[in-house]
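**Student:** Below is the structure I would like to discuss, written out as structure tokens.
The values are calculated or read from the model by the stated rules, or taken from the named source; none is laboratory data. Please read these numbers as outputs of a predicted model, since none were measured by experiment. Cβ atoms come from the backbone with ideal geometry, glycine included; neighbour counts cover every protein chain shown. These area figures cover heavy atoms from the full protein model, side chains too; ligands, DNA and RNA do not enter into them. Shrake-Rupley method; radii C 1.70, N 1.55, O 1.52, S 1.80 Å.
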Amino acid sequence: MRNQLRTHTRRIRYDDVAAEKALHSYQPGRSTVEAVERGCALMLRGFVLTQVELARECLGDSFSVYLTGGDAALVREVLPQARLVSDLVFVGLAQACPLPGV
């Protein structure tokens with residue numbers, strides 16, 4: 001979402017260094033970079049917490065949460081019980097499609 005805003009919105013332009021600095025706080029932004037970066041991060045966190053809540057309604061407390069991907073660290077802060085697996089796709093592929101003789 002933030003990449004779409006940064007690349008396809010004419011008046012939203014900032015570099016990766018400014019984006020990283022903006023995430024040192026989650027207070028309301030006072031600049032475009034802070035508003036976009038913090039808003040996207042908070043939206044991601046809220047989405048994940050809602051999904052965990054829905055899972056809890058369906059499954060009770062008997063489930064595990066695995067985090068993977070580029071923004072997993074942002075979510076990790078709100079789900080400290082989750083397991084961070086950086087190469088989860090490859091783990092799944094290895095189980096689903098094992099190579100013969102390996």
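**Student:** Could you rank the peptides 82-88, 57-63 by their average count of other C-beta atoms within 10 Å per residue, with the highest value first? Before the final figure, lay out the partial values.
**Tutor:** Working: 82-88: 13.4, 57-63: 7.7.
Peptide ranking by packing, descending: 82-88, 57-63.
**Student:** Also, quick follow-up: Which value, in debye to the nearest 20, describes the size of the charge dipole of the range 1-100 about its Cα centre when Lys and Arg Cβ atoms bear +1, Asp and Glu Cβ atoms bear -1, and nothing else is charged? Walk me through the intermediate numbers first.
**Tutor:** Working: 12 positive and 11 negative charges, 94 e Å.
The calculation lands at about 460 debye.
**Student:** Of all accessible surface on the chain at a 1.4 Å probe, what whole percent is carbon and sulfur?
**Tutor:** Working: 4420 of 7730 Å².
Roughly 57 percent, rounded to a whole number.
**Student:** Report the calculated FRET efficiency for residue 4 and residue 87 (r = Cβ-Cβ distance, R0 = 41 Å), to the nearest 0.05.
**Tutor:** Details: r = 26 Å, r/R0 = 0.64.
According to the calculation, E is roughly 0.95.
**Student:** Taking the Kirkwood radius as the inverse of the mean 1/r across Cα pairs, report the Rg/Rh of the chain.
**Tutor:** Taking Rh as the inverse mean 1/r over Cα pairs, Rg/Rh reads 1.09.
**Student:** Once both axes come from the Cα atoms, what is the angle between helix 32-59 and the longest principal axis of the chain, in degrees from 0 to 90, rounded to 10?
**Tutor:** Approximately 30 degrees, to the nearest ten.
**Student:** State in Å² the accessible area per residue of the range 1-65; use a 1.4 Å probe, count heavy atoms of protein chains only, and round to the nearest integer.
**Tutor:** On the way: 4900 Å² over 65 residues.
With all protein chains present, the range 1-65 gives 75 Å² per residue.
**Student:** What is the spin-label model distance, in nm, from residue 25 to residue 61 if the labels are put 7 Å beyond Cα along the C-beta direction?
**Tutor:** In this crude spin-label approximation the distance works out to 3.6 nm.
**Student:** Right, another one. Check residue 67: other-chain or 5+ apart residues with amide H under 5 Å from its amide H, H built from backbone geometry?
**Tutor:** The list, which skips near neighbours in sequence, is 83, 84, 85.
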